[in-house]
1. Return the residue satisfying two criteria in turn: it lies in region A:214-231 and is charged (D, E, K, R) and under 20 Å from C:His442 (Cβ atoms), and of such residues it is surrounded by the fewest Cβ atoms within 10 Å (Cβ to Cβ).
2. With the condition kept exactly as written, say whether any residue in region C:194-206 is under 24 Å from C:Phe34 (Cα atoms) and either within 11 Å of another protein chain (Cβ to nearest Cβ) or buried (at least 24 other Cβ atoms within 10 Å of the Cβ) (or both).
3. Any idea which residue in region A:141-190 is surrounded by the most Cβ atoms within 10 Å (Cβ to Cβ), counting only those that are acidic (Asp, Glu) and in a loop (DSSP other than H, G, I, E, B)?
4. Is it the case that some residue within region A:51-69 is away from chain C (no Cβ under 13 Å) and either of a type outside the set (Lys, Arg) or more than 20 Å from C:Asn364 (Cα to Cα) (or both)?
5. Report yes if C:Leu213 is more than 9 Å from chain B (Cβ to nearest Cβ) and more than 22 Å from B:Pro213 (Cα to Cα), otherwise no.
6. Is there a residue being buried (at least 22 other Cβ atoms within 10 Å of the Cβ) and away from the ligand (no atom under 15 Å from the Cβ) anywhere in region C:301-318?
7. When region B:41-95 is examined, which residues are found to be of a type in the set (Lys, Arg), farther than 20 Å from B:Ala175 by Cα and touching a residue at least 40 places away in the same chain (Cβ under 8 Å)?
Amino acid sequence: MDNTGKRPRVGLFVTCLVDLIRPTVGFAAVKLLEDAGCIVEVPAAQVCCGQPAYNSGDRADARDVARAVIEAFEGFDYVVAPSGSCAGMIRLHYPELFAEDAAMMPRVHHLANRTHELVSFLVDVMGVKFVAARYDGTITYHDSCSGLREMGVKAQPRALLGTVAGLTIKELPGAETCCGFGGTFCVKYPEISNRMVGDKAKDVAGTGADTLLAGDLGCLMNMAGKFTRDGVDVKVRHVAEVLADMAGDVPPIGRAK
Amino acid sequence: MTEARAQILTSIRLALGRGVVDAATQQELRARLNGHRRNLVPARGQVTGRQKVEDFARMVEFSLASIARVRSVDEVPAAVTDYLKQQNLPAEIRMAPDKRLDAIPWGRTPLLKIARGMPDPKDEVGLSGAFAGIAETGTLMLVSGPDTPSTLNFLPETHVVVVRASELVGGYEDAWTKLRAAMPSMPRTVNFITGPSRSGDIEQTLQLGAHGPRRLHVVLIDDDPQAGPA
Amino acid sequence: MSLALHPTSKAFKANARAALKNETLQRAMGHLGFAQKRLEAVGRLPEFEALRDQARDIKNHTLQHLDFYLEHYEEKLRQSGGEVHWCRTPEEARQAILSICRSVGARTITKGKTMVAEEIALNPFLEANGVAPVETDLGEYIIQLRDEPPSHIIAPAIHVTKEQVADTFLEKHAAYGKTKLLSEPREMLEEARGILREKFLGADVGLTGANFLIAETGSSIIVTNEGNGDLTQLLPRVHIVLATPEKMVPTLEDVSTILRLLARSATGQEFSVYTTVSTGPKRPQDIDGPEQYHVVILDNGRTAMLGTAFQDMLRCIRCSACLNHCPVYNAIGGHAYGWVYPGPMGSVLTPGLIGVDQAGALPNASTFCGKCESVCPMKIPLPGMMRHWREREYEQRLSPPAQRWGLAAWAFAAKRPRLYRLLTGLAARVLGLWGRRHGNMHNLPLAGGWTQFRDFPAPEGKTFHQLWSERGQR
Ligand code: SF4
């Protein structure tokens, strides 16, 4: 139950990457939310938050895509995404995107204020203190930039991971340094991005952890892709998979069964 | 030039979507300028009494300067000669022609050679009196004037500064208040000095004495009854 | 070499690639250690965050009344015997400085560190007009000898290794009878100090920048660690300050607030070694100080940023925290940015000063990780303004065609959920099958930027929405 004492109706914003690449993360999110007492629905009309267009300077298309999200998620008590980046887009950037559209503003704010990143929602809003999960291994955690700086995700995943049986946490030096993904940045400036993710790979390997977790699939794909390419033997997973006890359901990101 | 002036000012007004600042606002702005209102002053900048003295001394050392504490002006000459000896420096100083420094009984150390007036590039040690010391960061405040040439703060390799506990203030704001009370208008130069000159420009390795003094030594006369016993 | 005269921002991508391969540069950049020191300094001042808010408000207030404060400043400065020279363009500023130099028959001019002088390419201009400029900040001196532009706004020679400094000194200091190859930074500093000491004493004019101008008193403030700026302004007969309008701060109290942030954000010091407040020329009874005090105020497009999406950039106090914390800057150094101001602050400022057609690559070279904004003492929303530049670029159709096409195709699908579902369903299936054996793909058509250095993780095979509706859930 949330702090109002009801079972809230939550709209799950799946995110386009989870939808396409790693549906398990979406199911993990559903499980975690339901375990926390939410009624979860997944509006079919959702596509993407519009970030690719917004960050490329294309406000018109970004607005069109965002409008669809606003419509699709009207009426929920909360909107939750397994991504700090997409949640941050809705919460912080939609109001800026529609700044000139006074008629839209009430709807924009209404949505923005109810939108959360998954793990911080569980802890901060639903008051979740522990999860029933087991993961035998040593993990390290990368703080994805938007989650960290826009949504204040830092302590919450660590708190819940601390309750996973069999799991040890090793802190990652430079955990708050960008992995070099940056949406289209990683293909626009591949050499710079490669350098950044290469540095990250070294830091991760240095911890001696066998698994790297984070809360954003874009960053995870970037790091996992670098690890398999360079032969860094660290498994990569979305934090929700571990918290929902679903790591057994799928191989780590970028690995075969 | 006047054309440029007019155009820049006009450009500002156009950009801000207004004409010349109206009379009422001007009055407000002038009041703001003359009000010397303080913004948030950190706790470290509000210390008083004994703590002010102790904080100042601690922060002076934190800034990589050294400090000698004496109980009265009478002990200053010995403190200075001791320091010079310790650093293997000649007992020769260039001293600001500052009247406040005349209160120090220099005659007690006849071996110390003192030259007054404008510094010469050959001077190895300069000695000046501070206008104030700022506890917040161990900063010395020196002002230029007929008796206090700023050049002395920068030319010699070693700079000795004498400051009294009664001249210490908590934060920068107190220093400005003290300056405004002491002088009708700004002196040509106000130097805030926090530690000896340094540079990290070669591979970020810290080197002292880049252009200004390599050594900064503070002689603190800890004789302020208001600050409590040392 | 002046980047102001020869911008290479258009070639940013190639510059960056070269920088990443340049081992000497990479070694030199490894020494940049300000970020950790800042963290420690901030930790020692509990009020730091609150001061950031106040500093932002002070600057916003100042910018909102900039015309008033500039006029008040000028009036005060005149009362103290100084003179203001208003300049719209770099050319006007160069001419103003040259004519002051000529009026006193100056042959050499010592310079404290000023980025604005880089912006107007002052050195080559003075040289061409018979006035020898001598940089006195150690880092600036090194790069002047090497004929290179600065690569960092407060550590201009961060890209140079000590071995390179030694070689440069050996070559250039032979003229002063110094012929020993040095190995330690200490010796290099001593040698430069000795040579520059003579220059200080022989200069006719000293030129410094200004970290702040104070409206209340008509003062200029410089903040340094070496003391070169002070010798530059104290010893010659004439002191010229080269400043820009947005350096204005109303009162000494206001500047005290901002000063508490500056050194901590920049080098992690509690306070810089020398904070010097200068007000006019020497007073009649003074025994030292310059006889003339001139302030050249150069606009160069800044006031036109007021009232626009880029106004907040005028709060910048050039502390360099955004550079020091930027993973992109740390990877490629400052020269790759191709103009005077590198790093995040440069990525916002440069398109404004030389045009987004020239410098459009810079605001694109960011992951929007937000680190810069989180450390900026003046709370400047740097990523947001980089996005604004991307918008301008997009509106003016300056972004690369491949990118525009890709975006258009994506947007077309993203606005049509059913088509989008169809396409993603197909993609998940095809890529899922393709990558099934390894769990990833080594090559991917149209994604060379990705697969050049990384594998592309294979999808699970069906989209979330497919699976969700298969389970009959809504
Ligand atoms: S933008 Fe902010 S962090 Fe960067 S130099 Fe300017 S004030 Fe410093």
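1. Selected residue: A:Asp230.
2. Scanning region C:194-206, I find no residue that is under 24 Å from C:Phe34 (Cα atoms) and either within 11 Å of another protein chain (Cβ to nearest Cβ) or buried (at least 24 other Cβ atoms within 10 Å of the Cβ) (or both), so the answer is no.
3. Per the stated criteria, the residue is A:Asp143.
4. no
5. The answer is yes for C:Leu213.
6. yes
7. Passing the criteria: B:Arg69, B:Arg71, B:Arg94.
Okay, residues lined up against (1) β-branched (Val, Ile, Thr); (2) closer than 22 Å to A:Phe185 by Cα; (3) more than 12 Å from chain A (Cβ to nearest Cβ); (4) open to solvent by less than 20 Å² (accessible area, probe 1.4 Å):
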{"site": "C:Tyr341", "(1), (2), (3), (4)": "no, yes, yes, yes"}
{"site": "C:Gly346", "(1), (2), (3), (4)": "no, yes, yes, yes"}
{"site": "C:Cys369", "(1), (2), (3), (4)": "no, yes, no, yes"}
{"site": "C:Glu391", "(1), (2), (3), (4)": "no, yes, no, yes"}
{"site": "C:Leu398", "(1), (2), (3), (4)": "no, yes, no, no"}
{"site": "C:Pro401", "(1), (2), (3), (4)": "no, yes, yes, no"}
{"site": "C:Ala428", "(1), (2), (3), (4)": "no, no, no, yes"}
{"site": "C:Arg437", "(1), (2), (3), (4)": "no, no, no, no"}
{"site": "C:Leu444", "(1), (2), (3), (4)": "no, yes, no, no"}
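The values are calculated or read from the model by the stated rules, or taken from the named source; none is laboratory data. Predicted, not measured: the structure shown is a model, and the values here were computed from it. Here the Cβ is made from the backbone with ideal geometry for all residues, glycine too, and neighbour counts use every protein chain on show. Just so you know, the surface numbers come from the protein's heavy atoms only, side chains and all, with ligands and any DNA or RNA stripped out. Shrake-Rupley method; radii C 1.70, N 1.55, O 1.52, S 1.80 Å.
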